[in-house]
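Notes to accompany the following structure.
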Amino acid sequence: DLETLGMLIRERTVADDGAEAEAGANLGDEARAALLRCHAILAERFPLAHAAMRVDAINDFSLLYEWEGTDDGLEPVVLVAHLDVVPVSAEQASQWSQPPFGGVVEAGEVWGRGALDVKGRVVSHLAAVEALLAAGTAAPRRTVYLAYGHDEEVGGYEGAASIAAELERRLGGRRVAALLDEGGAVTKGAIPGMGSLEVALVGTAEKGYVCISLKAESKGGHAAWPPLDGTPVTAVSRALAAVHAKQPAPRLTQPVAGMLERASALVAEPYRTIFANLHVFGALLARVFGWKGEKANALVRTTQAGTRF
Ligand SMILES: [Zn+2]
């Protein structure tokens, strides 16, 4: 349903934690109004789905759909996406071949911010439900939840967190059979030895992260006669360089080792033998991945990145 996706893209549901965001808010008034228009578009474009499912706006701007299953003994599944998108700066906008919020549909493709991340998923879910209902499926056996946050790109504190609390309340301690989020991509070359084979990552674990801000101060001065040991900019640069120079040791964690063992049947030698015998080669392989490329490196160690100055 490309036209519906185009309509959603034209709604600027921009979540911005940068300077343009309102003080204390992840989403400006314009984004909030756009989110509500997205709700209306979905209701209008998927009438069967909206009649068959319970729909609730969570914390006003997120959406939780519940499609009740016929078999109470089965644990439900949760399909997750989000309605917000990351900003487009004026500088970036000039590099787009189509306007980022134009939602242009051309030659069977939709262009715009959020087409991939991740309004396309929202439309896919609801179009699937609509098609099933139109084809005569009254209800699934397993209850299906569709959960769409509205501030995922800036942490999900208002949206995902509220949806999680609501799901916990409704499920009353029951587990879910599966939760499918946007996850990784279908890639080529992320796993050494796999050649041109396309690989889809099934996420079974997620790395944690911590954000640290470094701050330096000085008593001030003049650029024409600067302090002998540099300015606060020099101090922060030195600290960043020192942190970068001290990389944590590479190691194979259980989820990565499990993935490589499964992949062993698909890769060329020598990786085939190595992946199938990680009890022998694991430590060596972790070191090789450490310099093989940025994605392989991220599989085997805690990484660090200076992102703003
Ligand atoms: Zn996303």
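Within the stretch 187-228, the set of residues being within 16 Å of the ligand (Cβ to nearest atom) and either more than 29 Å from Tyr271 (Cα to Cα) or assigned by TED's automatic domain parsing to the domain that holds Gly155 (or both) comprises just one member, Tyr209.
Restricting to the stretch 284-309, what's the tally of residues that are part of a helix (DSSP H, G or I) and under 30 Å from the mean Cα position of the chain (by Cα)? Quick ask: steps written out before the conclusion?
At the first step, the residues of the stretch 284-309 found to be part of a helix (DSSP H, G or I) are 284-292, 294-300.
Filter again for under 30 Å from the mean Cα position of the chain (by Cα), leaving 285-292, 294-300.
Count: 15.
Checking the stated criteria, Val104 turns out not to satisfy the condition of being within 16 Å of the ligand (Cβ to nearest atom) and modelled with pLDDT of 95 or more.
Of all the residues in the stretch 58-77, those that are of a type in the set (A, V, I, L, M, F, W, C), closer than 13 Å to Leu146 by Cβ and away from the ligand (no atom under 16 Å from the Cβ) number 4.
Restricting to the stretch 47-60, name every residue that is assigned to a strand (DSSP E or B) and among the acidic types (Asp, Glu).
Looking only at the stretch 47-60, we keep the residues that are assigned to a strand (DSSP E or B), and these are 54-58.
Within the stretch 47-60, Asp56 is the sole residue that qualifies.
Being at pLDDT 95 or above, part of a loop (DSSP other than H, G, I, E, B) and not hydroxyl-bearing (Ser, Thr, Tyr) is a property that holds for Pro140. Name the residue that is farthest from the ligand (Cβ to nearest atom), counting only residues in the stretch 85-101 that are over 14 Å from Glu153 (Cβ atoms) and among the aliphatic types (A, V, I, L, M). Taking the candidates together, the pick is Ala90. Scanning the stretch 262-282 for residues that are exposed (fewer than 14 other Cβ atoms within 10 Å of the Cβ), under 30 Å from the mean Cα position of the chain (by Cα) and of a type outside the set (Gly, Ala, Ser) returns a single hit, Arg262.
Conditions (1) surrounded by 15 or more Cβ atoms within 10 Å (Cβ to Cβ); (2) over 30 Å from Phe275 (Cα atoms); (3) without any contact (Cβ under 8 Å) to a residue 60 or more places away in the chain, marked per residue:
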site	(1), (2), (3)
Ala134	no, yes, no
Val144	yes, yes, no
Ala147	yes, yes, no
Ala164	yes, yes, yes
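In the stretch 117-132, the residue that is surrounded by the most Cβ atoms within 10 Å (Cβ to Cβ) out of those that are within 16 Å of the ligand (Cβ to nearest atom) and of a type in the set (A, V, I, L, M) is Val123. Considering the stretch 61-116, and only residues there that are outside any loop (DSSP other than H, G, I, E, B) and among the small types (Gly, Ala, Ser), the residue that is surrounded by the most Cβ atoms within 10 Å (Cβ to Cβ) turns out to be Ser62. In the set (1) within 26 Å of Ala177 (Cβ to Cβ); (2) modelled with pLDDT under 90; (3) exposed (fewer than 11 other Cβ atoms within 10 Å of the Cβ), the condition left unmet by Leu201 is number (3). Can you tell me which residue is nearest to Leu266 (Cα to Cα) among those in the stretch 175-186 that are surrounded by 10 or more Cβ atoms within 10 Å (Cβ to Cβ) and more than 16 Å from the ligand (Cβ to nearest atom)? The selected residue is Ala178.
Can you tell me which residue within the stretch 147-162, out of those that are among the hydrophobic types (A, V, I, L, M, F, W, C) and within 15 Å of the ligand (Cβ to nearest atom), is farthest from Glu66 (Cα to Cα)?
First, pick out the residues of the stretch 147-162 that are among the hydrophobic types (A, V, I, L, M, F, W, C): 147, 154, 160-161.
With within 15 Å of the ligand (Cβ to nearest atom) added as a condition, the list becomes 147, 154, 160.
Numbers: Ala147: 9, Val154: 25, Ala160: 16 Å.
In this case the residue turns out to be Val154.
For the stretch 18-34, the count of residues that are in contact (Cβ under 8 Å) with a residue 24 or more places away in the chain and charged (D, E, K, R) is nonzero.
The values are calculated or read from the model by the stated rules, or taken from the named source; none is laboratory data. Remember, predicted model here, so these are calculated numbers, not experimental data. Cβ: placed from backbone, ideal geometry, glycine included. Neighbour counts: every protein chain shown.
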